[in-house]
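The structure under discussion appears below in the form of structure tokens.
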Amino acid sequence: MRKNIVAGNWKMNTTLEEGVELANAVNSLLEDHKANCEVIVCVPFTHLTSVHAVLNPELVKLGAEDCSAHDKGAYTGEVSAAMVKSTGAEYVILGHSERRQYFGEGNELLLAKTKLALENGLKPIFCVGEVLEQREDGSYNDVVKGQVEALFSLSAEDFSKIVIAYEPVWAIGTGKTATADQAQDMHAHIRKVVEEKYGKEIADNCSILYGGSCKPANAPEIFGKPDVDGGLIGGAALKADSFMGIIEAFD
Ligand code: PGA
């Protein structure tokens, strides 16, 4: 059966020292109170090695927030999937709406990144989600379907390694959460789209996370929905206590 997952996305926050401190705090809270789900922290590239050194991999897994669409070579400033993997990271967030929106990342580029991540043994946390206008004009199911279909040239074996994160863009960092029913409806839709392509077994085993203003107060209701398998957490992952509060939604 599919895994429940709570993943933190630190975005461009924390200095190295602050990041190591936060990772330590999360790790020690989980030593005292073992999680009933998989816990991941996705951290800036500069922090990966140092955070890896302080995490107990039995308790918390490590991820990056992005990787390059290129394998290696003359791409100044880029960080490859192989480099990310070499730090000890197991996961990588790809296609986050901030990458799509501010850095113009689209389907083709994201497929290239996903393939390289998989080739290098990383598990992608692939983000999809509609903007407010698409929620309001009713096109959101088609928009998200198109974003998921961008990966449909992957083999079934490769696709089965992917975690999907549904993050309605209008709910990210806005304090405006999708209702648990809106999340459930979209997650069920995504699972159906996956099932039509890859079959029931792969669809049933695919973890689909919700992201967007998730907090300890709303996580239990959202995660309680049958097709919601956890969360991708931004702001609330920057404090060990609130991140832990969300993890405890699975207790
Ligand atoms: P948020 O961010 O929890 O701060 O809304 C979620 C995300 O962007 O992954």
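Being more than 21 Å from Pro124 (Cβ to Cβ) and either more than 14 Å from the ligand (Cβ to nearest atom) or touching an Asp or Glu at 6+ places or on another chain (Cβ under 9 Å) (or both) is a property that holds for Pro216.
Within the range 99-133, restricting attention to residues that are assigned to a helix (DSSP H, G or I) and in contact with an Asp or Glu (Cβ under 9 Å, 6 or more places away or on another chain), which residue is farthest from the ligand (Cβ to nearest atom)? Going through the qualifying residues, I end up with Glu119. A Cβ distance below 9 Å, combined with a sequence gap of six or more or placement on separate chains, defines the contacts here; from the range 9-29, residues that are more than 20 Å from Pro57 (Cα to Cα) reach residues that are within 16 Å of the ligand (Cβ to nearest atom) and of a type in the set (Val, Ile, Thr) in the pairs Thr14/Val43.
Would you check if Gln147 is within 16 Å of the ligand (Cβ to nearest atom), exposed (fewer than 15 other Cβ atoms within 10 Å of the Cβ) and in contact (Cβ under 8 Å) with a residue 40 or more places away in the chain? It is false that Gln147 is within 16 Å of the ligand (Cβ to nearest atom), exposed (fewer than 15 other Cβ atoms within 10 Å of the Cβ) and in contact (Cβ under 8 Å) with a residue 40 or more places away in the chain. Residue check: Ala178 meets all listed conditions (1) among the aliphatic types (A, V, I, L, M); (2) surrounded by 17 or more Cβ atoms within 10 Å (Cβ to Cβ); (3) more than 11 Å from the ligand (Cβ to nearest atom); (4) outside any helix (DSSP H, G or I) but one, namely (3).
Is there a residue in the range 182-198 that is more than 19 Å from Ala7 (Cβ to Cβ) and in a loop (DSSP other than H, G, I, E, B)? Within the range 182-198, not a single residue is more than 19 Å from Ala7 (Cβ to Cβ) and in a loop (DSSP other than H, G, I, E, B). Going residue by residue through the range 240-247, is there one that turns out to be in a helix (DSSP H, G or I), surrounded by 20 or more Cβ atoms within 10 Å (Cβ to Cβ) and within 10 Å of the ligand (Cβ to nearest atom)? The answer is yes; a qualifying residue exists.
Just a yes or no: is a residue in the range 205-213 assigned to a helix (DSSP H, G or I) and either in contact with a Phe, Trp or Tyr (Cβ under 9 Å, 6 or more places away or on another chain) or not polar (S, T, N, Q) (or both)? Checked against the condition, which is being assigned to a helix (DSSP H, G or I) and either in contact with a Phe, Trp or Tyr (Cβ under 9 Å, 6 or more places away or on another chain) or not polar (S, T, N, Q) (or both), the range 205-213 yields no hits at all. Residues of the range 224-239 being of a type in the set (A, V, I, L, M, F, W, C) and away from the ligand (no atom under 14 Å from the Cβ), which ones? Listed by number, the list holds a single entry, Val228. Pairs are defined by a Cβ separation below 7 Å, a sequence spacing of at least 6 or placement on different chains, a first member in the range 201-226 that is buried (at least 24 other Cβ atoms within 10 Å of the Cβ) and hydroxyl-bearing (Ser, Thr, Tyr), and a second member that is in a strand (DSSP E or B) and modelled with pLDDT of 95 or more; the pairs so defined are Tyr210/Tyr166; Tyr210/Gly231. A search for C-beta distances below 6 Å between a residue of the range 85-107 that is touching a residue at least 40 places away in the same chain (Cβ under 8 Å) and any residue that is part of a loop (DSSP other than H, G, I, E, B) and surrounded by fewer than 20 Cβ atoms within 10 Å (Cβ to Cβ), counting only pairs 6+ apart in sequence or on different chains, returns Asn107/Ala150. Number of residues in the range 97-144 that are β-branched (Val, Ile, Thr) and either under 17 Å from the mean Cα position of the chain (by Cα) or crowded, with 21+ Cβ neighbours inside 10 Å (or both) equals 4. Got at least one residue in the range 75-95 being in contact with an Asp or Glu (Cβ under 7 Å, 6 or more places away or on another chain), of a type in the set (Lys, Arg) and closer than 24 Å to Phe159 by Cα? No: the range 75-95 contains no residue that is in contact with an Asp or Glu (Cβ under 7 Å, 6 or more places away or on another chain), of a type in the set (Lys, Arg) and closer than 24 Å to Phe159 by Cα.
Modelled with pLDDT of 95 or more, outside any helix (DSSP H, G or I) and out of contact with any Leu (no Cβ under 8 Å at 6 or more places or on another chain), is that true of Glu157? Before the answer, list the steps.
Details: modelled with pLDDT of 95 or more: yes; outside any helix (DSSP H, G or I): no; out of contact with any Leu (no Cβ under 8 Å at 6 or more places or on another chain): yes.
For Glu157, the condition - modelled with pLDDT of 95 or more, outside any helix (DSSP H, G or I) and out of contact with any Leu (no Cβ under 8 Å at 6 or more places or on another chain) - is not met.
When restricted to residues that are under 13 Å from Ala25 (Cβ atoms) and among the acidic types (Asp, Glu), the range 228-250 contains 1.
The values are calculated or read from the model by the stated rules, or taken from the named source; none is laboratory data. Predicted, not measured: the structure shown is a model, and the values here were computed from it. All Cβ positions, even for glycine, are placed from backbone atoms using ideal geometry, and neighbour counts span all protein chains on display.
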